[in-house]
Amino acid sequence: MSSSVLFEIRDDVAYVTLSRPEARNAMNRELLASLSQAVERLRSEVCVSFLVIQGAGGHFSGGADLRELSGSSPEQVREIAQLAVHTFNALEQLPVVSIAAIEGYAVGGGMELAEACSLRVCAEDSRLGHPEVLVGAVAGFGGTTRLMRSVGRSRATELLLTGRLQSAGEALDLGIVARVVPTGTALSAAEAMIAELRRAPRYALRYTLSAIQAAADASIDAGTRAGAAYFGLAATEPEFREAVERFFSRRGAKA
């Protein structure tokens with residue numbers, strides 16, 4: 001793993017930091033390859049339940065490295081896009097809750113990375129979106145698919161075709177981000193969200209994520225059946241009955 005991506009595990013939380021601050025963490029081939037290695041490593045880290053992705057230097061990511069792309073052949077551009085898609089798909093399929101902690105810009109490929117995470121929190125002065133068409137490109141790292149899931153086809157089409165960036169407030173209203181926080185606190189907000197999520201058993205978070213992923217591209221019938229199947233799997237866990245008892249104990253204490 002190169003110095004363009006920093007990787008650290010603290011307890012059950014993995015931290016991945018995009019570290020090209022001099023280029024607003026623009027994604028070149030080296031950074032994407034390192035990010036891919038980090039995601040692959042997380043597939044085997046059974047102790048990790050949560051992942052936080054952030055950018056160094058006050059910005060999440062300014063997207064694909066246009067200087068590298070402009071000097072690449074069409075075949076090389078396709079290879080970079082395929083590497084990004086493979087990496088972001090693998091990230092989305094990890095059995096951990098991933099949170100994008102966004103400060104500053106999260107645009108183009110940077111936004112597509114954030115969209116592949118389970119949740120997104122952003123600073124109040126952040127700017128997010130897909131300006132790819134304005135430089136003659138396409139949101140080819142997954143944006144044409146994942147943005148539509150978040151905001152619907154009509155709004156996604158408008159945003160992708162105009163290249164208009166969203167403020168943090170608009171991104172919250174559209175459902176692109178889960179929370180907007182004061183500037184400089186996106187990381188601590190992600191950690192606070194993790195503390196909140198820890199109230200649920202780890203297996204319940206994992207099965208819920210799997211059910212969401214199964215339903216993303218499925219029919220209503222197939223998606224709901226998947227949800228029911230994971231509900232059944234949850235009931236096989238030794239902690240299931242303990243968790244139910246704790247719930248009733250807490251409710252009784254508040255009565």
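The values are calculated or read from the model by the stated rules, or taken from the named source; none is laboratory data. Every value quoted in this text rests on a predicted model; they were computed, and no experiment measured them. All Cβ positions, glycine included, derive from the backbone under ideal geometry; neighbour counts span all protein chains shown.
Checking each residue in region 162-190 for being in a loop (DSSP other than H, G, I, E, B) and either on the phi > 0 side of the Ramachandran plot or in contact with a Pro (Cβ under 7 Å, 6 or more places away or on another chain) (or both) picks out Gly163, Gly175, Gly184. Residue check: is Glu158 out of contact with any helix residue (DSSP H, G or I) (no Cβ under 8 Å at 6 or more places or on another chain), part of a helix (DSSP H, G or I), closer than 30 Å to Glu132 by Cβ and modelled with pLDDT of 95 or more? Yes; evaluated as a whole, the condition is true for this residue. When restricted to residues that are outside any loop (DSSP other than H, G, I, E, B) and out of contact with any strand residue (DSSP E or B) (no Cβ under 9 Å at 6 or more places or on another chain), region 128-146 contains 7. Residues that are in contact with a strand residue (DSSP E or B) (Cβ under 6 Å, 6 or more places away or on another chain), surrounded by 17 or more Cβ atoms within 10 Å (Cβ to Cβ) and in a strand (DSSP E or B) do not occur anywhere in region 191-214. Annotation note: Cβ proximity below 9 Å between a residue of region 165-176 that is in contact (Cβ under 8 Å) with a residue 24 or more places away in the chain and not assigned by TED's automatic domain parsing to the domain that holds Leu128 and a residue that is crowded, with 19+ Cβ neighbours inside 10 Å and not hydroxyl-bearing (Ser, Thr, Tyr) (sequence gap 6+ or interchain) occurs for no pair.
In region 149-165, which residues are of a type outside the set (S, T, N, Q) and under 15 Å from the mean Cα position of the chain (by Cα)?
Within region 149-165, Arg149 is the sole residue that qualifies.
Of the residues contained in region 89-108, one or more are found to be outside any helix (DSSP H, G or I), among the acidic types (Asp, Glu) and closer than 25 Å to Arg164 by Cβ.
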